[in-house]
């Protein structure tokens, strides 16, 4: 009798696991890179337009910090940037901040960039473009301790071509540059001397020499001879 009873118990357990495990696996299905980008790119673009932080930076850092939305703090706290703070989760114990939605996490990140001095200067300096300069600027501001963090974020932006979401990119765009009349170029928000040199296929030193520049700092509206 005990053998039969134990056998029935084992069979019941196996049946229960056969029902439970597939549903558990489905509930924890890994998010693909394509799905993550498609789902959150609109939020990144919206906050880029509102705050001036490139969408490629917002989405690239979010993807890196949240493991593409698959990390525990992303799944349980909607935290996609590793920002620390209070949370009311009963599912995990964590020092990371909890959010009502992923969009709230994105907004908190760009607000952090806006309000901290070591980051907000990047908005005026680089505008919604020059994503590589942005990554290194954020790293120098102390956002991440790892030396490989900048190269990892840049690799994500390049791999998934997130720079295509930005209003301005580091890609050479000769047609855009040549739309200005004559051989003069009026500096726009987000421009850098190296970026202009790439577009016109000249060197930074050539631009400096023609314009008597002693540094690479530019002002919006400044006219350069090329």
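The values are calculated or read from the model by the stated rules, or taken from the named source; none is laboratory data. All values reported here derive from a predicted model rather than from experimental measurement. Please note: Cβ atoms are built from the backbone with ideal geometry, for glycine as well, and neighbour counts cover all protein chains shown.
Side notes on the structure shown:
Condition check ((1) surrounded by fewer than 21 Cβ atoms within 10 Å (Cβ to Cβ); (2) touching a residue at least 40 places away in the same chain (Cβ under 8 Å); (3) touching a strand residue (DSSP E or B) at 6+ places or on another chain (Cβ under 7 Å)) across all residues:
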residue: 91; (1), (2), (3): yes, no, no
residue: 96; (1), (2), (3): no, no, yes
residue: 117; (1), (2), (3): yes, no, no
residue: 126; (1), (2), (3): no, yes, no
residue: 132; (1), (2), (3): yes, no, no
residue: 138; (1), (2), (3): no, yes, no
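- Qualifying residue in the stretch 203-210 (condition: free of Cβ contacts under 8 Å to residues at least 60 places away in the same chain and in a loop (DSSP other than H, G, I, E, B)): yes
- All of 4, 86, 50, 91 fail the test of being at pLDDT below 95 and in a loop (DSSP other than H, G, I, E, B), apart from 91.
Okay, residues lined up against (1) at positive phi; (2) out of contact with any helix residue (DSSP H, G or I) (no Cβ under 9 Å at 6 or more places or on another chain):
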position: 62; (1), (2): no, no
position: 67; (1), (2): yes, no
position: 75; (1), (2): no, yes
position: 82; (1), (2): yes, no
position: 87; (1), (2): no, no
position: 91; (1), (2): no, no
position: 96; (1), (2): no, no
position: 100; (1), (2): no, yes
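- Screening the candidates 58, 73 for the property of being buried (at least 21 other Cβ atoms within 10 Å of the Cβ), modelled with pLDDT of 95 or more and in contact with a strand residue (DSSP E or B) (Cβ under 6 Å, 6 or more places away or on another chain) yields one hit, 73.
- All of 80, 64 fail the test of being closer than 15 Å to residue 31 by Cα, touching a residue at least 60 places away in the same chain (Cβ under 8 Å) and either in a loop (DSSP other than H, G, I, E, B) or assigned by TED's automatic domain parsing to the domain that holds residue 137 (or both), apart from 64.
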